[in-house]
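Before any comments, here is the structure.
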Amino acid sequence: MRHPAALVYLAVCALLLAWALVVTLADGSDESMAGVIPLLATAPVSLVLLALPDHGSMLVAAVVLGALVNALVIGACARALRGGDSARDQYT
């Protein structure tokens, strides 16, 4: 997960989650739809995990786990497109 594309994706997801939490906490009416944006950014894993019990921390857990799984996939795809494992290439 040290690939720059995966790290940029994680940073964007962290910023989206922070923005959604700030907007939701600032809006006292509990009608904010800001939490949908991080969920869509980390789909499909976060949408599967959204079936967890209804609590605010479960939304955060779904987004965090979705972002980590997607970052691993992005890193693996980037390494595959480069033609090999860059960590292995450094030591040979």
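The values are calculated or read from the model by the stated rules, or taken from the named source; none is laboratory data. Every value quoted in this text rests on a predicted model; they were computed, and no experiment measured them. Because the Cβ atoms are built from the backbone with ideal geometry, glycine has one as well, and the counts that use them run over all protein chains shown. Only protein heavy atoms, including side chains, enter the accessible area calculation; ligands, DNA and RNA are left aside. Shrake-Rupley method; radii C 1.70, N 1.55, O 1.52, S 1.80 Å.
For the reader, a short list of remarks on this structure follows.
- Nearest-0.05 FRET efficiency for R2 and L47, computed from C-beta distance (R0 35 Å): 0.85
- Percent carbon-and-sulfur accessible area, the chain, ignoring ligands, DNA and RNA, probe 1.4 Å: 71
- An oblate overall shape is assigned to segment 1-54, the ratio a/c of its alpha-carbon gyration tensor axes (a ≥ b ≥ c) being 1.5 or greater and a/b not exceeding b/c.
- Angle in degrees between helix 4-26 and the longest Cα principal axis of the chain, rounded to the nearest 10: 10
- Taking a point 7 Å from the Cα of L65 along the Cα-to-Cβ direction, the residues of segment 38-54 with backbone N closer than 14 Å to it are 43-54.
- Each Cα pair under 8 Å and six or more residues apart adds its sequence gap; the mean of these over the residue count of segment 8-55 is a relative contact order of 30 percent.
- Remark: segment 1-68 carries 63 Å² of accessible area per residue (probe radius 1.4 Å; ligands, DNA and RNA excluded).
- Gyration tensor verdict on segment 28-72 (Cα atoms; rounded if a/c is under 1.5, prolate if a/b is larger than b/c, oblate otherwise): prolate
- With respect to the chain, whose longest principal axis is taken over its alpha-carbon atoms, helix 56-82 is tilted by about 20°.
- Ellipsoid semi-axes in whole angstrom, largest first, where each is sqrt(5λ) of the Cα gyration tensor of the chain: 32, 13, 9
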